[in-house]
Amino acid sequence: MKALLSGKIDDRFSLNLQTTDEPTIEDDEVLIKVIACGINYPDTLIIKDQYQIRPKRPFAPGGEVSGIIVNKGKNVIGWHENDRVIAITSYGGLAEYVSCKADKLVKLPNSISMANGAGFLFTYGTAYHALHDRGRLTPNETVLVLGAAGGVGLAAVELAKAHDAYVIGAVSDDLKKNAVLESGADQCFLYPKNMVELPAKSRSEIFKEQLAGRSPNIIFDIVGGAYSEAAIRSIAWEGRFLIVGFPGGIAKLPLNLPLLKGCECTGVFWGTFFEKSRAKARENHEHLVRLLETGKLKPKISTVLGLENAEEAIERLKRRQVVGKVVVMVSHY
Ligand SMILES: NC(=O)c1ccc[n+]([C@@H]2O[C@H](COP(=O)([O-])OP(=O)(O)OC[C@H]3O[C@@H](n4cnc5c(N)ncnc54)[C@H](OP(=O)(O)O)[C@@H]3O)[C@@H](O)[C@H]2O)c1
């Protein structure tokens, strides 16, 4: 099969389109013919050994796919050949075939395209788990989403709006701002592309000025770095600061801040939640697919590329150039 393999770590990621063996499957796994693969920020990290998971090389990146089941292990029940599925694979998705544990599959209804199926669960699953399971979002609360035009960010905007929150996005350019407003945010403001270059006081003033007295009950932080402390200084009393990601660097917070704000700083790790709480995760994911099927969610896929250009897809994410999602079409359907 064809696969985009990461051989060694260097400045170019060392990704090469190669021919390799199809994966074998365990008794509780299925083999999936990959039709499309969604690109996520962790793909930029895993190929540099900077992610929580470090697969043995060579491996193909690609943590979420849509496709059809072509084979199944003898202990797999409830799934059949030719079923359309979404699979969270952690890696291996930028290849013509990938294996996946059967209990991590979600059925992909015929009415949802393979591209939409591949660019959905990782971001919406994370945002839903963060806002509801960890953040206990209630209607009419104010939610501030940092990095609001990225994959997880736009999903958070849509899901918070769907729960009748007042949603404010924060992004680094006008194109991203427009996308956030189109996805339903009530407000969106710009912050500097490199916040760390400003003095600490000016950073927090940006948030205070832009929020104009509307303190967020939830801050959904997928950016980290110098943005986190500046944002948390504006949080409402008893707010929830959701720690989701760090493309801007791992933030350090003075612990007097959560004390003064009476707020919670809550870690969100969807991958481990998916491993440890499969039944609850399945419930979340089936709910999200129903919202997608009925048109209540409209994921923004801004770029679709072929497998031969998948390295470019990962690089665009790294360069902060993506609005919503990039999806790689791996095979014809
Ligand atoms: N905790 C979990 O369970 C979980 C699950 C999935 C993903 N994540 C994490 O969530 C984050 C977002 O993932 P994603 O797939 O949505 O990525 P994405 O589509 O690339 O979006 C990330 C956003 O962060 C901002 N950003 C990127 N690089 C930055 C930098 N160097 N400094 C400041 N801002 C930067 C950009 O927005 P602006 O340019 O507008 O600032 C970008 O739109 C990643 O860190 C990822 O690892 C966590």
Would you check which residues across segment 18-37 are open to solvent by less than 10 Å² (accessible area, probe 1.4 Å) and farther than 14 Å from Ala95 by Cβ and list them?
-> Val30
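Restricting to segment 205-221, and then to whatever is open to solvent by less than 30 Å² (accessible area, probe 1.4 Å) and within 29 Å of Pro42 (Cα to Cα), can you tell me which residue is farthest from the ligand (Cβ to nearest atom)?
Residues of segment 205-221 open to solvent by less than 30 Å² (accessible area, probe 1.4 Å): 207, 211, 216, 218-221.
Restricting the remaining residues to those that are within 29 Å of Pro42 (Cα to Cα) gives 207, 216, 218-221.
Working: Phe207: 13, Pro216: 17, Ile218: 15, Ile219: 14, Phe220: 10, Asp221: 9 Å.
So the residue we want is Pro216.
Does Pro254 qualify as being within 11 Å of the ligand (Cβ to nearest atom) and surrounded by fewer than 15 Cβ atoms within 10 Å (Cβ to Cβ)?
Details: within 11 Å of the ligand (Cβ to nearest atom): no; surrounded by fewer than 15 Cβ atoms within 10 Å (Cβ to Cβ): yes.
Judged against the criteria, Pro254 is not a match.
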Apart from one, (1) within 12 Å of the ligand (Cβ to nearest atom); (2) out of contact with any Ser or Thr (no Cβ under 7 Å at 6 or more places or on another chain); (3) β-branched (Val, Ile, Thr) all hold for Val157; the odd one out is (2)
Residues of segment 90-136 being surrounded by fewer than 20 Cβ atoms within 10 Å (Cβ to Cβ), among the charged types (D, E, K, R) and over 20 Å from Ile53 (Cβ atoms), which ones?
-> Glu96, Lys107, Asp133, Arg136
Yes or no: Leu305 assigned by TED's automatic domain parsing to the domain that holds Ile35, within 16 Å of the ligand (Cβ to nearest atom) and modelled with pLDDT of 95 or more?
-> yes
Scan (1) away from the ligand (no atom under 16 Å from the Cβ); (2) outside any loop (DSSP other than H, G, I, E, B) for the single condition Leu137 breaks and write down its number.
-> (2)
Restricted to segment 160-191, and to residues that are away from the ligand (no atom under 16 Å from the Cβ) and over 18 Å from Val268 (Cβ atoms), which residue is surrounded by the fewest Cβ atoms within 10 Å (Cβ to Cβ)?
-> Asp164
Determine whether segment 48-71 contains at least one residue that is out of contact with any Asp or Glu (no Cβ under 9 Å at 6 or more places or on another chain), within 23 Å of His287 (Cβ to Cβ) and within 13 Å of the ligand (Cβ to nearest atom).
-> yes
Identify, by number, the condition in (1) outside the structural domain of Gly93 (by TED's automatic domain parsing); (2) modelled with pLDDT of 95 or more; (3) charged (D, E, K, R) that Lys325 doesn't meet.
-> (1)
Going through segment 140-154 one residue at a time, which ones are away from the ligand (no atom under 14 Å from the Cβ) and either part of a helix (DSSP H, G or I) or hydroxyl-bearing (Ser, Thr, Tyr) (or both)?
-> Thr142
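The values are calculated or read from the model by the stated rules, or taken from the named source; none is laboratory data. Model, not experiment: these values are computed from the prediction. In this analysis, Cβ positions are derived from the backbone assuming ideal geometry, glycine residues included, and neighbour counts consider all displayed protein chains. Only protein heavy atoms, including side chains, enter the accessible area calculation; ligands, DNA and RNA are left aside. Shrake-Rupley method; radii C 1.70, N 1.55, O 1.52, S 1.80 Å.
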